[in-house]
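The values are calculated or read from the model by the stated rules, or taken from the named source; none is laboratory data. All values reported here derive from a predicted model rather than from experimental measurement. We place every Cβ from the backbone using ideal geometry, glycine too, and count neighbours over all the protein chains shown. Just so you know, the surface numbers come from the protein's heavy atoms only, side chains and all, with ligands and any DNA or RNA stripped out. Shrake-Rupley method; radii C 1.70, N 1.55, O 1.52, S 1.80 Å.
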Amino acid sequence: MAALRVMEKIDRLAQQYDAQRHVHLNSAPPPTPESVAKIEEHFGCALPKSHIRFCEKSAHYGDWLASIGPDFESPNHIININRLWREEVEENERIPPNLLIINVGYDEDLDCIDMETFDEATGEYLITYWAYDVPPEESDLSGSFFDYMAKQVRGW
């Protein structure tokens, strides 16, 4: 019952997000079971169910979030964004290995899942802000994907 209420909250949040003005810089197809499985295998962690559900329900999630759909060749895909920030940027600007970028990162500031913080009871991770020149203790932190996206939607 509680899981159903959480998914209903995610559905409403996706509707609120989609009702906002979008610039349509990045499109992203909805996730599929196959795309989610490939991403989870690639990174060795489960994506939060709330993250997957939000991306299933939002027509414009790609404007803010990395794609988790089957568009693996897209530069906006979560695998490609993380590859860039792990391998292609200057070494001193690379993200730590425990972070998984979920935000598109237009301004080179990134929002990430901290893969070391999985909560088995909720199926969620902490979401943290990351920039190479910002100390971790000064980074914004959200307790779940829902909290993170709700803060974004309400702040716009």
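Summarising the label geometry, the points placed 7 Å from Cα in the beta-carbon direction at Trp156 and His42 lie 2.4 nm from one another. Under the combined filter of DSSP loop state and at most 15 neighbouring Cβ atoms within 10 Å, the stretch 117-147 retains these GluC sites (Glu not before Pro): Glu120.
Taken as entire DSSP H runs, the helices of the chain never both span 20 Å or more between Cα atoms along their own long axis and average 1.6 or more on the Kyte-Doolittle scale. Using the Cβ-Cβ distance between Asp133 and Ala3 with R0 set to 35 Å, the FRET efficiency from 1/(1 + (r/R0)^6) comes to roughly 0.35.
Of the GluC sites (Glu not before Pro) found in the stretch 62-112, those that fall in a DSSP loop while having at most 11 other beta-carbon atoms within 10 Å are Glu73, Glu90, Glu108. Estimated from helical segments only, the mean residue ellipticity of the chain at 222 nm is -10500 deg cm²/dmol, where each DSSP H run of four or more residues counts as -39500 (n - 2.57). Taking the DSSP beta bridges with both ends in the chain, the antiparallel portion is around 90 percent. Hey, any idea what % of the chain's accessible area is carbon plus sulfur with a 1.4 Å probe? Here carbon and sulfur together make up 51 percent of the probe-accessible area. Probing with 1.4 Å while keeping every protein chain in the model, the per residue accessible area of the stretch 1-104 equals 53 Å². Expressed as a whole percent, the proportion of Cα-Cα pairs in the chain lying more than 23 Å apart is 33%.
The Cβ shell under 10 Å around Arg94 holds other residues with a net charge of -4, Lys and Arg each +1, Asp and Glu each -1.
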